[in-house]
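Single-structure report; data block below.
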2 protein chains.
Amino acid sequence: MDFFSRMEDIVRGKGTSLCVGLDPRMEHPGRDPASSIVRANRRIIEATAPFAACYKPNIAFYEAHGPRGLEALEETLALIPDDIPVIVDAKRCDIDATAEAYAASIFGRLGADAVTLSPYMGEETVLPFLRYEGRGLFLLCRTSNPGAGVFQDLQIPAASLEASAEPLFLRVARTCSSWSDSIGLVVAGNDCAGLRAVREALPRAWFLAPGIGAQGGGAEEAFAAGAREDGFGILVVAARSVAEAADTRRADTRRLRSLLQRSRIRLRSRRRRKRPFSRP
Amino acid sequence: MDFFSRMEDIVRGKGTSLCVGLDPRMEHPGRDPASSIVRANRRIIEATAPFAACYKPNIAFYEAHGPRGLEALEETLALIPDDIPVIVDAKRCDIDATAEAYAASIFGRLGADAVTLSPYMGEETVLPFLRYEGRGLFLLCRTSNPGAGVFQDLQIPAASLEASAEPLFLRVARTCSSWSDSIGLVVAGNDCAGLRAVREALPRAWFLAPGIGAQGGGAEEAFAAGAREDGFGILVVAARSVAEAADTRRADTRRLRSLLQRSRIRLRSRRRRKRPFSRP
């Protein structure tokens with residue numbers, strides 16, 4: 001089964017579009033940071049497994065601790081129940097034998113179900129990853145930082161007579177999506193206009209939406225702006241809010257899940273109501 | 001001393017613009033690939049130290065072997081003489097705390113002198129790396145793969161009335177260079193037109209030029225197209241050719257070094273001759 005069909009089944013079955021980040025920021029790492037990482041992640045995973053559509057460790061936080069940090073990532077992945085997919089957030093960007101080595105590391109060794117990649121070098125970046133069956137790729141499209149627009153907002157002239165000019169992030173979205181059905185996009189959860197624009201361009205694609213507030217603020221708005229007509233097609237990332245909630249009897253995670261669930265129901269009923277007018 | 005002044009001193013002192021890649025492709029990794037990697041790298045380093053302006057391990061080839069692979073990278077870096085800078089080719093691309101974690105890993109833990117980064121997310125990607133003093137950053141600009149142009153060649157309308165439209169890779173070059181004097185650019189060594197265009201736009205910047213042929217073919221052309229007026233400002237990468245030559249009494253490395261040295265002499269004398277006419 002391909003990755004996005006699997007995600008759709010999970011989102012439908014569990015009633016959650018929540019992607020739980022596993023980003024251990026060790027402000028006070030102590031003597032054995034790798035063990036602290038695994039302990040903290042175990043708490044998060046135990047608290048969130050019923051509410052998580054998938055998990056997303058950002059590999060940078062593990063690499064920062066060297067070889068033992070990578071071991072901590074492997075130990076963390078072993079704690080995640082088999083029926084919950086893992087997206088390794090790596091934003092890798094290379095070609096040929098080097099991209100093959102990254103794919104061997106992330107899909108081969110780590111056994112991740114999906115990965116994030118950076119599109120700047122073109123299709124050669126994704127090809128070695130596409131050779132692994134049933135995996136998903138999320139290409140950076142629109143990011144959540146204040147300076148994202150310096151390149152992503154550059155206006156690209158129309159590719160054909162029928163088309164019109166568009167910002168680079170939309171061109172990236174269309175082009176990367178055209179490479180394979182296993183390709184989704186990273187679209188910032190704090191940029192509702194961006195989410196709506198990419199959704200309009202790509203009615204079927206899957207989005208990974210990070211960058212919502214530390215307290216989960218904006219998750220509902222991101223969902224409403226980026227979800228497909230059928231209420232699927234978006235994974236809303238919560239990282240800090242969840243890490244903090246894991247220590248406080250999972251209140252926030254439960255709240256986030258139920259909030260996203262309510263959004264889906266509202267979204268679907270609103271779209272059902274709209275249909276007779278928009279498609280007479 | 002800043003990284004590029006240091007590079008200029010080394011290139012002048014040793015008479016070489018050669019950047020030696022340390023990219024262990026283990027087609028037959030054997031039972032202990034990490035030890036094989038360190039052994040192979042030791043041979044390359046011993047054979048090339050007199051001819052190398054710097055070394056460039058691509059981290060992907062180490063990550064592919066998991067935590068032990070990262071240890072092999074650390075052991076490799078310890079083998080490189082202190083007076084030869086190391087560029088960790090990582091093409092990282094993230095922001096905020098995540099970019100800080102990558103910088104902590106590459107500049108902090110590994111102690112690299114320079115790094116390669118991908119520009120898609122904007123200035124937030126480079127800021128945490130710039131906080132480490134005396135280090136160099138090479139931003140992806142023009143890459144060597146056949147599909148590089150899909151985004152890099154997109155025409156960007158002029159930014160002002162005085163400017164003219166330009167391809168994305170030139171806009172990336174200008175923008176990234178403007179962020180800091182510690183920023184150089186990755187410009188494919190197999191694309192002489194690209195090298196000339198970026199050099200024309202940025203007469204002073206430093207380039208890292210990978211992608212010349214497996215046998216070192218094209219190194220001289222890349223040098224001639226990308227070097228500054230003064231014959232500095234470009235590091236030509238040889239990886240496979242050097243790895244293979246390390247087993248054959250360094251013939252190829254010596255040949256490459258002397259070839260680049262001859263190119264510099266020819267280039268400088270040619271430019272000296274030209275000057276009276278072009279600047280009367």
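The values are calculated or read from the model by the stated rules, or taken from the named source; none is laboratory data. Here the structure is a predicted model, which is why all the values come from computation and not from measurement. Neighbour counts are summed over all protein chains in view; Cβ atoms, including those assigned to glycine, are modelled from backbone coordinates with ideal geometry. Ligands, DNA and RNA are excluded from the accessible area calculation, which covers all protein heavy atoms including side chains. Shrake-Rupley method; radii C 1.70, N 1.55, O 1.52, S 1.80 Å.
Shielding by partners for peptide B:103-111, expressed as the average number of C-beta atoms from other protein chains within 10 Å of each residue's C-beta, is 3.
Each copy carries a label point for B:H28 at 7 Å from Cα toward Cβ; from one copy, the others' points are 5.4 nm away, ordered from shortest.
Please compute the net charge surrounding B:Y102, taking Lys and Arg as +1 and Asp and Glu as -1 over other residues with Cβ under 14 Å from its Cβ. Charge balance in the 14 Å sphere: -1.
With a Förster radius of 41 Å, plug the Cβ-Cβ distance of A:E74 and B:D2 into 1/(1 + (r/R0)^6) and report the FRET value to the nearest 0.05. The computed FRET efficiency comes out at 0.60. Charging the Cβ of each Asp and Glu at -1 and of each Lys and Arg at +1, and nothing else, the dipole of the stretch A:108-180 about its Cα centre rounds to 180 debye.
What's the local net charge at A:V172, with K and R +1, D and E -1, over the other residues with C-beta under 11 Å away? Every neighbour counted, the sum reads +2. Along its principal axes, the stretch A:1-78 has C-alpha extents of 43, 24, 18 angstrom, given from the largest down.
The solvent-accessible area of A:H65, taken with every protein chain present and a 1.4 Å probe, is close to 40 Å². Dividing the C-alpha radius of gyration of the stretch A:1-137 by 2.2 N^0.38 Å, with N its residue count, gives 1.06.
Between A:G66, A:G136, A:G189, the residue with the greatest mean-square fluctuation in the GNM of chain A (Cα pairs under 10 Å linked by springs) is A:G66.
Available extension along the chain between B:D83 and B:R196 is 37.6 nm, counting 0.36 nm per residue and deducting the alpha carbon span. Other residues within the sphere of radius under 13 Å centred on the Cβ of A:E124, judged by their own Cβ, net out at -1 (K and R +1, D and E -1). Mean per-residue shielding of peptide A:55-65 is 5, counting Cβ atoms of other chains within 10 Å of each Cβ.
Rounded to the nearest 20, the Cβ-based charge dipole of the stretch A:165-204 about its Cα centre (Lys and Arg +1, Asp and Glu -1) stands at 40 debye. Given in Å, the Rg to one decimal and the Dmax to the nearest whole number for the Cα atoms of the protein assembly as shown are 24.2, 78.
Heavy-atom accessible area with a 1.4 Å probe sorts A:D2, A:D181, B:D89, largest first, into A:D181, A:D2, B:D89. The mean number of partner chain beta-carbon atoms within 10 angstrom of a residue's beta-carbon across peptide B:18-30 is 1.
For the stretch B:1-140, with all protein chains in place and a probe radius of 1.4 Å, 47% of the accessible heavy-atom surface sits on carbon or sulfur. Report, in order of residue number, the helices in chain A meeting two criteria: a C-alpha extent of 15 Å or more along the helix axis, and a mean Kyte-Doolittle hydropathy of at least -1.0; treat each whole DSSP H run as one helix. What comes out of the filter, once short or polar helices are dropped, is A:3-14, A:33-48, A:66-79, A:168-179. Give me the orientation-averaged projected area of the Cα convex hull of the stretch A:132-189, in nm², one decimal. The directionally averaged projection comes out at 4.9 nm². With Cα atoms as the point set, the radius of gyration and Dmax of chain A evaluate to 18.6, 66 Å. For the stretch B:158-245, the fraction of 1.4 Å probe accessible surface lying on carbon and sulfur atoms is 53 percent. Here is the interface size for A with B: some 4500 Å² of accessible area buried, both sides summed, with a 1.4 Å probe. The aspartates and glutamates whose alpha-carbon is closer than 13 Å to the alpha-carbon of B:K14, local same-chain residues fewer than 8 away aside, are B:D83. Ligands, DNA and RNA are left out, and with a 1.4 angstrom probe the accessible area of the stretch A:1-119 is 33 Å² per residue. Please report, in debye to the nearest 20, how large the charge dipole of the protein assembly as shown is about its Cα centre when each Lys and Arg carries +1 at its beta carbon and each Asp and Glu carries -1 there. Computed charge dipole of the protein assembly as shown: roughly 1040 debye. Of the residues A:V11, B:T125, B:C176, the one whose Cα sits farthest toward the positive end of the charge dipole of the protein assembly as shown, with +1 on the Cβ of Lys and Arg and -1 on the Cβ of Asp and Glu, is B:C176. What separates the B:E200 label point from its copies, with the point 7 Å along Cα to Cβ, is 3.8 nm, written shortest first. Taking each DSSP H run with n ≥ 4 as -39500 (n - 2.57) and averaging over every residue of the protein assembly as shown yields -13500 deg cm²/dmol at 222 nm. With label points defined 7 Å past Cα in the direction of Cβ, position B:A78 shows copy-to-copy spacings of 2.6 nm, given to one decimal and shortest first.
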